[in-house]
Amino acid sequence: AWWLEDGAVHGPAAAVPLVLGMPGAVNEVNALFALVTAVQLGVSPIAAADAFRSVVDIDGRYGRRTLDGRSIRLLLSKNPASWQESVDIIEASSDALVFDITARGDMNARDTSFVWEAPLERLAGRSVIATGVRAHDIGLRLEMAGLEVTAIPDPFDAIRACPPGPVTVATNYPAFLELRDSLAREGRP
C-alpha cells in the first residue's frame, strides 16, 4: 500500500514529499519503512517525513566533519550490496574522493576480496586517493576500474591531500571505525 515515486512516499491517503538529510536510495527506502512504521504507531505521515530532514548522520555515517578546511563525509560499506549503494552516492557527487581500506580483526575484517565485486568501473576517469592499511588492495582495484589513483598510506594525510572543500571517504568497517573515532578524538565532529 506504500511506495516511493518521484521524491515522495505514496500511501493510502496521499503523497508526502520526502526530503532527506542523508544521500542515497538506500536511505530513501529506509525512510519509507520508518514512515510506514511511524504511521502504524499513530504519527502523521507529514510529521514523520518532516522529522527525517533533521537526520544527517547515523553513528558517524553520512554526516559531515571538518578537517583543515575540508568537509568530510564518511561512507561505510561492509558487503557488495553496500558498496553498490556507496558507488551510487559517489557517482552523484563531485566531492574529492578517498578510499580508506583497513583489514584488521577477524577473518571477515581482513578479507578485502569484496572490492572486486563493487561496480567501481562506474567511477572511471575520476581521480581518487587510496589509503589505509590495505591501500594497495583498493588502489589496484580502483586502477583496474579506470580511476586515476594516488596512494597515501595515512588517512589524515590522504584527506589533507584533497583540495579544501567537500571530501567523501568510502571505507570498509575497520577503516570506518578507526577514522570516525580518530576524527572525534581530534575534536572534529
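The values are calculated or read from the model by the stated rules, or taken from the named source; none is laboratory data. Predicted model only: the values in this text are computed from it and were never measured. Only protein heavy atoms, including side chains, enter the accessible area calculation; ligands, DNA and RNA are left aside. Shrake-Rupley method; radii C 1.70, N 1.55, O 1.52, S 1.80 Å.
In the full protein context, the chain carries 49 Å² of accessible surface per residue, based on a 1.4 Å probe and ignoring ligands, DNA and RNA.
Calculated from the structure at hand, mean projected area of the Cα convex hull in nm² is found among (1) 14.0; (2) 15.6; (3) 11.7 as (3). Helix 173-185 and the long axis of the chain differ in direction by around 90°, with both axes built from C-alpha atoms. To the nearest ten degrees, helix 135-144 and the longest principal axis of the Cα atoms of the chain are 80 degrees apart.
The angle between the Cα long axis of helix 25-40 and the longest principal axis of the Cα atoms of the chain comes to about 30 degrees, rounded to the nearest 10. Residues considered: GLY60, GLY24, GLY69. Largest GNM mean-square fluctuation over the chain, using C-alpha springs under 10 Å, is found at GLY69. What a 1.4 Å probe finds exposed on the chain is 56% carbon and sulfur by accessible area, rounded to a whole percent. Between the amide H of ARG70 and those of GLY165, distances stay under 5 Å, these residues lying 5 or more places away or on another chain, with hydrogens modeled in the peptide plane.
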